[in-house]
Structures are given as structure tokens and as C-alpha cells.
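Encoded as C-alpha cells, the structure appears first; notes follow it.
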Amino acid sequence: MDLQKLIIIGLAASALLNLFSIGLKASVHDATYLFRRPGELFRAILAMNVLMPVFAITLNTIFDFDPAVKIALVALSVSPIPPPVPAKMVKSGGAETYSIGLHIAIGSLAIIFVPLAMKVIGLVRDVDLHMSIWPVAKVVLISVLIPIIAGVSVHRFAPALAERLSKPIALISGVGIIVFIIGVWIMAAPAMWSLVGNGTGLAFAAFVAVGLAIGHLLGGPVTENRTSLAISTASRHPGIALAMAQANFPAEKMVLAALLLYLLINAIVSIPYILWIKGRQQKIVNQLEG
């Protein structure tokens with residue numbers, strides 16, 4: 001097995017462990033949080049699954065991006081939350097229960113929504129787009145739902161064991177994600193940089209910035225929930241986006257490089273928002289203590 005395959009396998013395993021560690025700290029009540037709050041779920045769907053696809057299509061209509069970038073923008077806009085994001089949301093000031101509930105709800109609904117969205121976008125753009133339910137369901141089940149539900153199950157039936165395992169697994173998976181994703185970026189660097197230009201970087205930066213703004217505005221009155229929805233709206237599952245691209249544009253080989261470039265830009269553009277949120281939270285704490 002070559003180094004590239006080992007790095008990709010390591011990244012996938014780290015992401016699964018990351019979700020499992022989150023599930024170890026969650027209850028069934030946490031996992032079903034948004035399904036019991038239809039108003040909050042509606043706002044999340046509006047932010048992630050309606051407004052962001054509209055924005056992606058608008059960008060592609062106005063600007064003449066590389067075809068791989070156009071495909072990546074649309075595919076990302078209809079994809080659910082990627083595996084490492086719930087931990088990122090909590091560390092950035094998001095509420096843990098809302099973050100886990102959002103991940104479960106949006107991931108579950110993606111099985112139906114992604115094929116439907118591809119069909120609607122195809123009709124709007126007069127392009128033959130398709131995506132069957134099974135490929136999406138397989139990716140969502142393996143990379144989203146099964147690991148987090150497994151963790152929730154351990155928490156339910158062996159809470160003491162879950163408490164002991166959650167921190168070390170979270171640490172191992174977090175380090176693994178950082179190390180392996182840097183490895184992926186290094187391997188894909190030549191292809192990624194070949195896409196830079198013609199507004200590609202600005203397009204992905206705009207996608208992230210607008211996602212943060214939309215999620216923050218629609219997240220409701222609770223600051224922590226607004227943070228979680230903002231990060232979720234800007235961060236999308238590259239595996240599902242790649243599956244959609246390969247199903248509809250198999251000859252376009254640069255989509256993976258475009259998705260990796262998006263992940264890099266996402267990490268950079270999100271930093272000011274996260275620092276702003278943490279600064280606001282610290283200011284509130286100081287006021288309460290004063």
C-alpha cells in the first residue's frame with residue numbers, strides 16, 4: 001500500500017474516532033435535540049440546504065470559474081456537516097447538545113435531501129444532474145451516523161466506560177486529523193495551486209464567509225447555537241461532495257483538488273469569526289464577574 005492511501009485511510013479513521021468520542025459524551029436526548037425542536041431545525045435547513053445552494057449557483061452564474069470549482073461549489077452547498085466539525089463547534093463556543101443534534105439531524109436528512117437537491121438544481125440549470133439515495137446513504141451512515149450513534153450507545157449502557165474513553169480518544173483522533181489532513185494537503189499541493197487564480201480563492205472564501213454569516217443570523221437567540229450553525233453552514237462534507245461530482249462529472253479530475261483547497265480556505269477564513277465569538281464570550285464573562 002502506498003503512502004497516499006495510508007494517509008487517506010488514517011484521515012478517515014481519525015474522523016470516525018472523532019465522532020465516536022463525541023458520541024461517548026452524548027445522550028439520546030442530545031442526539032434527538034433538533035428533531036424535537038422543529039423551528040430550530042427549519043432554520044438550520046434554510047441556512048444550510050436552501051440559502052447556500054442558491055448562493056453557490058449565483059456565484060457560478062456571475063463568474064467564470066474553472067469547471068472543477070463550479071462543480072465543487074454546488075456539491076459542497078448541498079452536502080451535510082463533515083465528521084470533525086461537532087468538536088470544532090464546541091471548542092469554538094457552540095453548545096454541545098445543539099451541535100450533536102444538528103449533526104445527527106442534517107446527516108440523516110441528507111440521505112433524502114442530497115438526491116432531491118441535485119434534481120432541483122439540474123432542472124434550474126437545465127443540466128442532467130442525478131444522485132441516487134444509496135451512495136449518499138452509505139457515506140452518511142459510515143462517516144456520520146454509525147460512529148456517533150455507537151458512541152451514544154456506549155454512553156447509554158456503560159456511562160462510566162464512556163467517560164473514561166472520551167478524552168483519550170478525542171485527543172488521539174484530533175491529533176490524527178491534523179497530521180493526516182496536512183499530509184493530504186502536501187500531496188495535493190501542486191493540483192491545488194494550479195486552480196488558484198481567476199477568482200477561485202475568493203469564491204471559496206466568499207462561500208465560507210457567507211455561510212458563517214447566514215448560520216449566525218439564523219441560529220436563533222442563543223449565542224452558542226448561532227456559533228454552531230454558523231460553522232456548520234460554512235463547513236461541508238468533502239466525501240459526499242466528491243461522490244456527487246464523480247457521479248455526474250466523472251471526467252472532471254480536478255474536483256478533489258478544488259475540495260481540498262476549499263478545506264484549507266475554510267480553516268483560514270473561519271479563524272477571525274471564531275476569535276470574535278470567543279472575545280464576545282470572554283467579555284460577557286468579565287462583565288458578570290465584575
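The values are calculated or read from the model by the stated rules, or taken from the named source; none is laboratory data. Computed from a predicted model, the values in this text were never measured in an experiment. Reconstructed Cβ throughout: ideal geometry from the backbone, glycine too, with neighbour counts over all protein chains shown. Keep in mind that these areas ignore ligands, DNA and RNA; they rest on the heavy atoms of the full protein, side chains included. Shrake-Rupley method; radii C 1.70, N 1.55, O 1.52, S 1.80 Å.
Note on residue 276/residue 164: beta-carbon distance plugged into 1/(1 + (r/R0)^6) with R0 of 41 Å gives a FRET efficiency of 0.70. The simple spin-label model puts a point 7 Å past each Cα toward its Cβ; for residue 171 and residue 189 those points are separated by 3.1 nm.
In whole percent, what relative contact order does the chain give with Cα contacts below 8 Å and a gap of six or more residues? All intermediate terms of the calculation are to be shown ahead of the outcome.
Values: 409 pairs, mean separation 93.6, N = 290.
Normalised by residue count, the contact order of the chain is 32 percent.
Between helix 223-234 and the chain, what is the angle of the helix's C-alpha long axis to the longest principal axis, kept within 0 to 90° and rounded to the nearest 10? Rounded to the nearest ten degrees, it is 30. Note on the chain: with a GNM built from Cα contacts shorter than 10 Å, the maximum mean-square fluctuation among 196, 114, 152 falls on 196. Determine the shape class of the chain: with a ≥ b ≥ c the square roots of the Cα gyration tensor eigenvalues, call it rounded for a/c under 1.5, and otherwise prolate if a/b is greater than b/c, oblate otherwise. Judged from the Cα gyration tensor, the chain comes out rounded (a/c under 1.5).
Look at where the Cα atoms of the stretch 218-265 and of the stretch 168-208 average out, and the two centres are 12 Å apart. Find which of 149, 42, 135 sits farthest along the positive direction of the dipole of the chain, computed with +1 on the beta-carbon of Lys and Arg, -1 on that of Asp and Glu, about the Cα centre. Among 149, 42, 135, the one farthest towards the positive end of the dipole of the chain is 149.
Can you give the calculated 222 nm mean residue ellipticity of the chain, where each DSSP H run of n ≥ 4 adds -39,500 (n - 2.57) and the sum is split over every residue, rounded to the nearest 500 deg cm²/dmol? Don't skip to the end; give the middle numbers.
Working: 14 runs with 227 residues, N = 290.
Roughly -26000 deg cm²/dmol at 222 nm, from the helical runs in the chain.
Relative to the Cα centre, what is the charge dipole magnitude of the chain, using +1 at the beta carbon of each Lys and Arg, -1 at the beta carbon of each Asp and Glu, and rounding to the nearest 20 debye?
Values: 20 positive and 12 negative charges, 111 e Å.
Here the size comes out at about 540 debye.
Placing unit charges on each Cβ (+1 for Lys and Arg, -1 for Asp and Glu) gives the stretch 132-290 a dipole about its Cα centre, and among 268, 165, 251 the Cα reaching farthest toward its positive end belongs to 165.
Solvent-accessible area assigned to carbon and sulfur over the stretch 130-256 amounts to 77 percent, based on a 1.4 Å probe.
Is the shape of the stretch 139-290 best called rounded, prolate or oblate, per the rule: a/c under 1.5 gives rounded, else a/b larger than b/c gives prolate, else oblate, with a ≥ b ≥ c the square roots of the Cα gyration tensor eigenvalues? Write out the running numbers ahead of the final one.
Details: a/c = 1.95, a/b = 1.24, b/c = 1.57.
Since a/c reaches 1.5 but b/c is at least a/b, the shape of the stretch 139-290 is classed as oblate.
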